[in-house]
Amino acid sequence: MDELLRMEGITKVYPNGIVANKNVDFSVRAGEIHGLVGENGAGKSTLMKILFGLNQAEEGRITLEGKEIRVDSPYAAIGHGIGMVHQHFMLVPSLTAAENLVMGLEPRKGLYLDLQAAIRTTEELGKKYNLIVDPRAAVRDLSVGIKQRLEILKALHRGAKILILDEPTAVLTPQETEELFSQLKLLREQGNTIVFISHKLNEIKELCDRVTIMRSGTVQGTFDVASVDEKDISRLMVGRDVILEVQKGPARPAGAVLKVRGLTVLDRFKKRAVDGVSFSVRRGEILGVAGVEGNGQGELVEAITGLGSFSSGTIAVDGESVAGMSIRRIRDAGVCHVPEDRMTYGCAAALGVEANLMSCNHDSPEYTGPVFLKGKAIRANSRRLVEEYAIKCSSPEQEVGMLSGGNIQKVVVAREFSSGPSLIVADQPTRGIDVGATEFIRSRLVELRDEGAAVLLVSADLNEVMELSDSLIVMYGGRIRAYVPDAKAVSEEELGLYMLGLKNQTPEEIARVVHD
Amino acid sequence: MTRQQRVFEVVRTSLAILIALTIALVIVLVVSDDPGDALGKFLLGPLDSFRHFGNVIELMIPLTFTGIAISVMFTAGQFNLGAEGGFFIGAIAAAFVAINFSLPPVIHPIVAILFGSLVGSLFCGIPAILKVKWGSSELVSSLMFNYIAFFFGLFLINYYMRDANAGAMVSYLFKPTAILPKLVPRTRISVGILVAIALVVVAWLFMQRTRWGYRIKLTGANAKFSRYSGIDTNSVVIYSQVIGGMIAGMGGSIELLGMYTRFSWQNLPGYGWDGVIVAILARNNPLFVPIAAFFLAYLRIGADIMSRYSDVPNEFVALIQGTIIILIAASSFLAKYRHKLVFKEATRKPVTGGEA
Amino acid sequence: MNQVFSLIFAPEFGYSVLRVTTPIMFATLGALISDKAGVMNIALEGIMLISALTGVVFSALTGSSGVGLLAAVLAGGLAGLFLAYCALKLKTDIILSGIALNLMASGGTVFALFLIAGDKGISSSLASKVLPKLTIPGISSIPVLGTMLSGHNVLTYVAFLMVAATFVFLYRTPLGLRIRAVGENPNAAASVGIGVTKIQYLALTLSGMMAGFGGAYMSMGYVSWFSKNMTAGRGFIAMAAEAMGGATPLGSMLTSLLFGFFDALSNTLQLMKIPSEFVNMLPYAATVIGLVLYTVQKTRKERLARESAGAAPAVTGATAGKKE
């Protein structure tokens, strides 16, 4: 097959100094489905955003069919036949499907918008590619799978020959995924080229012809999918020959610190994001929560930490119900929280390292007098934490936003872990950060467990959740589908079945996690 | 902030001021028949006599108050523009005490200023409460309240404090005990400047060295993070605006009792809007506010002197002010230069990966 | 009290409501267009001033009120463009840009007035023109309605036509679709090749032109001169009216009329023994009360929707307000 597209020597540095792509080469053949894999933060999305003109690279060039092209905007990308379906849908909720489809290429009748033509186009295109969407429905009323369909249609309607799909399956049910795959294969038959971003290796094996593996902003290699197995890919992705192993002794669980009973949380759309969940986390154990993202883990964490509300059930920490408690009081009860999105909840990027380290305990008598803050004690504490957590910064006053992702996360965990917590809620604690910081954070979690803390670990990283946890629950569709008392005793394949909702334990088996 | 960034900010600010002054120069060149003389008056007029320089210092005092008031509210991320009305209504409140109360000398102005501060803080607190309770935009409601304060204040003066024997619409004379003593002879610089200096220090200590100031900074920088950290962000939103209003009201009281013998304002004095410029120039740092206030006062007095002795009206200062706001707040102004610095440093460091 | 009612129910009162609503309505439509594109125009106040002066100057220069109007609208558009340049190109916070523009307009118009007319307060030395009043043939002869609806300044009719035009523009044209898309989800718009910045430039320019009509009306219809800070907060009232109108053209029209009503009421009450300062406060107080009532019922509606879906009220504290 012929090479269709080539990206050479791409380097991208974000304004905060993070190098997302370093001298990356990437090429795609006509008519193939090309997998692009890598962990969170490996630089896949950045590379594709550069190809689609959403980001500009500092260095490097792009050639299409041998000719160099400049892609300085999505508009230019579309002009070259490059379309992209983003992880977060690029749809306008209040407009109809047809309006969204024709947005930017509106059919006109005189001065006016020709809505009938838009509706016809939606129907015709849908039939042609087997991507059926109701043209008159407002997008906010469509299901996730249909929205994605509409996104693909949008790209095709604009004459995309190269279609970039950014982790399209992350938000889909297994059936929807299956459907998507057959639609993508149909598109390939019709001569389209697809770049498929994922970190799910089984999907790559099933769908793709070739695969390019990225790690830490660089390309590790491109292979025919048939010639490599999942272990090879995983080795290149995570950069080691063995699956990561966390050094830790056996857990010695004691009494339950966190008791969640019959918890139900409604999301913005009044759907039961968490649906009658009961479990306990005991002193001295790490309970992992495995699951594909978006299956209620986020809402669960928010309910426990007080950031969000819940509609029924109980949550108790050390026997005290947290319902109606302020976040302050929940924290005083010994709960700390490593948030999933560190830039939104975990730090103030414009403030210094010290100001970020003291946010939770600045009003304890140790750090403030009746009027003034105790500058010396605060400075001593931040110096200690910077050293203890090996936070690389020029001074405690340096803006957190100027640090690398790993160091920002270290600032977050240093603050949270140093509060002497009895319950640690760690949501994706190592997402998108470097290996050194990852290892550091994981071993700190184990240390804290050994000192008697209860740890609730939520992670989409299967490696992490399997290796770091002592026991596991698996969430799917807002419910607990399985409880694994010994995390070592379960295979990846079996977990996968629970995670995708293909298999459920009996209620009795699941109820063991209540530990009453 | 690292030292490099600080230097960068100083360069940026200087350049913005330079550009604004260049624009001023061009305007004067175009407008004036004798541009040399006009410019001389504009740039050097404030220095040509003791009285003129005194005028600069006099004007600096209210600008310092509103500058700090706005700084506190902006630091909290609150676009409350009620400093204008707070200053005015605070002055009315102080006038009320100065006219109607009989108190011993030192006590009298203190009571008047405290009352003015209280009224100012209530005034700026209302938009804050409306925002926290119902999500009404503090920006829009504070703008409306400015007009309400203006007309309500005039009503009070006109119906309860008006001196019918005076020709114009002015209040009765303040009791002599209420008037702030002058500090510098042959000027109108009152002891109010000492309060302003004290306020600068106190505000700086409050913002830098107390937990309440810290919470204001944290909430302004990232309200979600602040809430996550267990801080009651609603109360921060309210008290930051109450404090801002208090400072504005205090400023109005001191301005009135330090500079005048009766209430005679017929318009909103505009110091609240000037406070926005001062706060932006000072990067919301109370310690820099007096410098920014001095700069703006110097421009103003220079323009006044120029308009008195030449053919260029003083309102052209507004154009300079606007330009300065826009350029200093412009995040892309010289941003390329900054990005290059960051890029150079980052590529030298080992790859650490990042959010894709 | 009876006197108040007899004043309000006089047809002349209806006439004056429409008369004072006109500038607010233009400005509200200006606020609406920029808001739909996701950019907040707080400079409406200043832009109206600029246009009011421009209209006076050009009509005096050319002796034609039409040219004056054209110049005023163009000046408004240019001021909107300038705001867009500051906010979108220089990346100055759009609220600060707006504050700066308001400052420059309020001082700059006085500056320019002094240079042109030799007076810092009022433009009476300029022989500026006034836009014509229209008598509508059919309606003018109807007893009460005729008094209310006929004989207005031409821009009053234009204002109401603009409500319809804005509706058609926003909801029935490709450009309107793009503006709404940009305001609601700029990433989505950008991803299909719509130039978000370009649309926002356009929206702010159009918003400025709307304010330009309002400014022209102030100095060439409402009164026949320019005076210092003559807009007196109408640009700010417009922002509140737009929010209260639920960001729709029809809603904007109704809330503009509401504030126009209070404005007219305050003018009417001037004639009575109520302190004029109280009366002057009325439109602003009404605006703030209106805005609060609107947000109260909005939060209540949201809460009701949540409760009816079976959820308990939020267990923990509300989110803190940052500017959205």
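Annotations for the structure displayed:
- Among the candidates A:S443, A:S422, A:S471, A:S459, residue that is touching a Phe, Trp or Tyr at 6+ places or on another chain (Cβ under 8 Å), of a type in the set (S, T, N, Q) and modelled with pLDDT of 85 or more: A:S471
- Those helices (runs of 4 or more DSSP H) of the range B:27-138 in which at least 3 residues are under 19 Å from the mean Cα position of the chain (by Cα), considering only elements entirely within it, cover B:50-75, B:83-100, B:107-134.
- Candidates A:L502, A:L462, filtered to the one that is surrounded by fewer than 23 Cβ atoms within 10 Å (Cβ to Cβ) and touching a Pro at 6+ places or on another chain (Cβ under 7 Å): A:L502
- Selection of first residues in the range A:372-401 that are without any contact (Cβ under 8 Å) to a residue 24 or more places away in the chain and of second residues that are part of a helix (DSSP H, G or I) and of a type in the set (S, T, N, Q), restricted to Cβ pairs under 6 Å at least 6 apart or on distinct chains, gives the following pairs, ordered by first then second residue: A:K392/A:N407.
- Hits in the range A:207-232 (condition: touching a Phe, Trp or Tyr at 6+ places or on another chain (Cβ under 7 Å) and either farther than 22 Å from A:K22 by Cα or without any contact (Cβ under 8 Å) to a residue 60 or more places away in the chain (or both)): A:L207, A:C208
- Whichever residue in the range B:68-95 is out of contact with any Leu (no Cβ under 7 Å at 6 or more places or on another chain) and more than 14 Å from chain C (Cβ to nearest Cβ) and, among such residues, is surrounded by the fewest Cβ atoms within 10 Å (Cβ to Cβ): B:A93
- Options A:V225, A:V242: the member that is at pLDDT 75 or above, hydrophobic (A, V, I, L, M, F, W, C) and more than 19 Å from the chain's Cα centre (by Cα): A:V225
- Selection status of A:S422, farther than 22 Å from B:G230 by Cβ and either without any contact (Cβ under 8 Å) to a residue 12 or more places away in the chain or surrounded by 15 or more Cβ atoms within 10 Å (Cβ to Cβ) (or both): no
- Residues of the range A:67-89 that are touching a residue at least 12 places away in the same chain (Cβ under 8 Å) and not aliphatic (A, V, I, L, M): A:D72, A:S73, A:P74, A:Y75, A:H80, A:G81, A:G83, A:H86, A:Q87, A:F89.
- When the residues of the range A:281-314 are filtered to those that are in contact with a helix residue (DSSP H, G or I) (Cβ under 6 Å, 6 or more places away or on another chain) and in a strand (DSSP E or B), the one that is modelled with the lowest pLDDT is A:A290.
- Residue satisfying all of: in the range A:75-120; of a type in the set (D, E, K, R) and in a helix (DSSP H, G or I); farthest from the other protein chains (Cβ to nearest Cβ) among these: A:R120
- B:K217 being closer than 19 Å to B:I70 by Cβ and more than 11 Å from chain C (Cβ to nearest Cβ): yes
For (1) buried (at least 21 other Cβ atoms within 10 Å of the Cβ); (2) within 23 Å of A:I10 (Cβ to Cβ); (3) in contact (Cβ under 8 Å) with a residue 12 or more places away in the chain; (4) aliphatic (A, V, I, L, M), each residue gets a yes or a no:
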{"residue": "A:E65", "(1), (2), (3), (4)": "no, yes, yes, no"}
{"residue": "A:Y112", "(1), (2), (3), (4)": "no, no, no, no"}
{"residue": "A:I119", "(1), (2), (3), (4)": "no, no, yes, yes"}
{"residue": "A:D134", "(1), (2), (3), (4)": "no, no, yes, no"}
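- In the set (1) in contact (Cβ under 8 Å) with a residue 40 or more places away in the chain; (2) part of a helix (DSSP H, G or I); (3) within 27 Å of B:S307 (Cβ to Cβ), the condition left unmet by C:K120 is number (2).
- Hits in the range A:352-390 - residues which are under 18 Å from A:Q409 (Cβ atoms) and either in contact with a Leu (Cβ under 7 Å, 6 or more places away or on another chain) or part of a helix (DSSP H, G or I) (or both): A:V353, A:E354, A:A355, A:N356, A:L357, A:S359, A:S382, A:L385, A:V386, A:E387, A:E388
- Residues being surrounded by 22 or more Cβ atoms within 10 Å (Cβ to Cβ) and facing chain C (nearest Cβ under 7 Å) - total across the range B:153-165: 1
- Filtering C:S59, C:S34, C:S97, C:S51 for residues that are over 17 Å from the mean Cα position of the chain (by Cα), within 18 Å of C:A238 (Cβ to Cβ) and assigned to a helix (DSSP H, G or I) leaves a single hit, C:S97.
The values are calculated or read from the model by the stated rules, or taken from the named source; none is laboratory data. Model, not experiment: these values are computed from the prediction. Cβ sites come from the backbone with ideal geometry, for glycine too, and all protein chains shown count toward neighbours.
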